[in-house]
Amino acid sequence: MASKSAQDSAKLPFYTIVLLREQEIAEQLRSAFQQRYLPEHLFYWLPSSVQAWVELCRSTEYKNASRALEVLNLAAPELARRLSHIRTLCGLGCGEGSKDRVLLEQFGDGGNRLNYVAADFSQPLLELAADQVNGIAHSSLGCKLDIFDDGHLAATVGAAESFDGAVLFSVLGNTLGAFDVKKLPRRLRIHMRNQDRFLFDGEIFSERTLGGYDNPTNRRFAWGPLTGVGITEEDGKLEFSTAPAGDGLFAVTKHFTATRDLRVNLGNRTMEICVGEKLRMSSSIKYVNREALRSAVEDAGFRIESDWQSRDGNFILACAAPG
Ligand SMILES: C[S@@+](CC[C@H](N)C(=O)[O-])C[C@H]1O[C@@H](n2cnc3c(N)ncnc32)[C@H](O)[C@@H]1O
């Protein structure tokens, strides 16, 4: 018989639908370095990035995660009461699953354990999410996807709707902006049925926003894709700035500037980055106020049923029905 500690560490089998292959992502990484632009999803792929992200999620300095959890903990009991018809939670861009776990625990508390569909682009994060919900979800299934691909989104929604009953789709941790707040709600809406719900959150921009990025744990995360290919702090500098992004949105942008000539190894290819060259990186979208976040979703054909805010008023969570 297995020892107690072996039993504790035993993981249940976790089935994943692979819509996006590792080989395609490796190719995207090479082409991103070639084009001198690192998109959002590549910040969650290499082991250095995954580890840095998990540390960031657990860090008290990272206001985004702590405020997202604060608002979720506030809202979850009411959501579980009001949405007792929900049978499946589908976390789009679920990361390591800590936010979805709050919902699964609360819904399960009343005996209504939900099926869980963990959807993300990162295989290691999907595995961590499956571990998080072990014993809390009725069943769990992974979907490895690129959310920008219409076919992948349709297949993921289809997987969630293949369980009996209504689905709660979540996009949490200020992730809606990364998935294109002007497009994702509309793309999701066309697949949703009347009984399904959409739970999303967002950070309100303030003069303190930029300061929230300037801590060692966050810098380690921002360096992740560079560290992963051997670029270190001796090779250049990473800078953050903010800029209005139109329609009530603000962007926190970041870029790397090489301070010496670099030769980067990317699998079987080598790439030169000259001193002074810039690598632009995906930005994090914030909202000018609560209305800007709400209206982005309402404009896509949703009716907001309720919203909640963090104690400092700078983080909003909202639940919407197809309207
Ligand atoms: C800001 S994190 C939030 C994670 C999680 N929702 C949370 O709050 O902890 C964004 C997540 O979206 C995923 N992601 C980024 N781009 C993606 C894409 N194109 N397709 C699917 N997932 C993506 C990342 O892997 C990451 O887990």
Using alpha carbon positions and the Kirkwood radius, the Rg to Rh ratio of region 19-133 is 1.04
Among chymotrypsin sites (Phe, Trp or Tyr not before Pro) in region 260-323, those in a DSSP loop whose Cβ has at most 15 other Cβ atoms within 10 Å are none
Answer in debye to the nearest 20: the dipole magnitude of region 184-323 about its Cα centre, from +1 Lys/Arg and -1 Asp/Glu charges placed on Cβ, is 360
Note to self: Kirkwood Rh of region 199-239, Cα pairs, one decimal, Å, is 12.2
Within region 202-277, DSSP-loop trypsin sites (Lys or Arg not before Pro) with at most 14 other C-beta atoms within 10 Å are Arg208, Arg260
Residue-normalised 222 nm signal for the chain, counting each DSSP H run of n ≥ 4 as -39,500 (n - 2.57), nearest 500 deg cm²/dmol, is -11000 deg cm²/dmol
From the cross-link list Lys144/Lys182; Lys63/Lys99; Lys144/Lys254; Lys144/Lys237; Lys63/Lys278, the entries with a Cα-Cα span beyond 25 Å are Lys144/Lys254; Lys144/Lys237; Lys63/Lys278
Amide H proximity to Cys143 below 5 Å, modelled H, separation 5+ or other chain, gives Ile17, Ala118, Ala119, Asp120
Counting only DSSP loop positions in region 271-309, the GluC sites (Glu not before Pro) whose Cβ has at most 16 other Cβ atoms within 10 Å are Glu277
Magnitude of the Cβ-charge dipole (Lys and Arg +1, Asp and Glu -1) of the chain about the Cα centre, nearest 20 debye, reported as 180
If one compares the long axis through the Cα atoms of helix 216-227 with the longest principal axis of the Cα atoms of the chain, the angle in degrees, nearest 10, works out at 70
In whole angstrom, the spacing between the Cα centers of region 232-293 and region 46-118 equals 28
Relative contact order of the chain (C-alpha contacts under 8 Å, at least 6 apart) in percent is 20
For Ser170, the residues 5 or more places away or on another chain with a placed amide H closer than 5 Å to its own amide H are Cys90, Gly91, Leu92, Leu199
At 20 °C in a medium of viscosity 1.002 mPa s, region 40-198 has a Stokes-Einstein diffusion coefficient, with Rh taken as the Kirkwood radius over alpha carbon pairs, in µm² per second, of 137
Here, the chain modelled as identical Cα point scatterers in vacuum has Debye log10 I(q)/I(0) at q = 0.08, 0.16 Å⁻¹ of -0.37, -1.43
Along principal axes, largest first, the alpha-carbon spread of region 139-282 in whole Å comes out as 57, 43, 26
Diffing region 122-133: the Karplus 3J(HN,Hα) column from phi (6.51, -1.76, 1.60, θ = phi - 60°), in whole Hz with x for Gly and Pro, holds 9, 4, x, 5, 4, 5, 5, 4, 4, 5, 4, 9
Sorted largest first, the Cα spans of region 197-297 on the principal axes come out in Å as 46, 31, 25
In cubic angstrom per residue, the convex hull of region 247-323 built on its Cα atoms measures 169
Here the relative contact order (percent) of region 231-274, from C-alpha pairs under 8 Å and at least 6 apart, is 33
Computed ³J(HN,Hα) along region 32-47: with the Karplus parameters 6.51/-1.76/1.60, θ = phi - 60°, integer Hz and x for glycine or proline, the list is 4, 5, 4, 7, 6, 9, 9, x, 3, 5, 6, 7, 10, 10, 5, x
Mean projected area, convex hull of alpha-carbon positions in region 154-205, reported to one decimal in nm², is 3.9
Calc'd 3J(HN,Hα), region 303-313, phi into Karplus 6.51 cos²θ - 1.76 cosθ + 1.60 (θ = phi - 60°), Hz, glycine/Pro = x, comes to 10, 6, 8, 6, 9, 9, 10, 6, 4, 7, x
Taking region 66-140, the whole-percent share of alpha-carbon pairs separated by over 22 angstrom is 16
For region 251-310, the charge dipole (Cβ of Lys, Arg +1; Cβ of Asp, Glu -1; about the Cα centre) points to a positive end, and the Cα of Ser283, Ser310, Ala296 closest to that extreme belongs to Ser283
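All of the numbers you see were taken from the coordinates with simple rules; none came from a lab. Not measured: the values here are computed from a predicted model. Cβ atoms come from the backbone with ideal geometry, glycine included; neighbour counts cover every protein chain shown.
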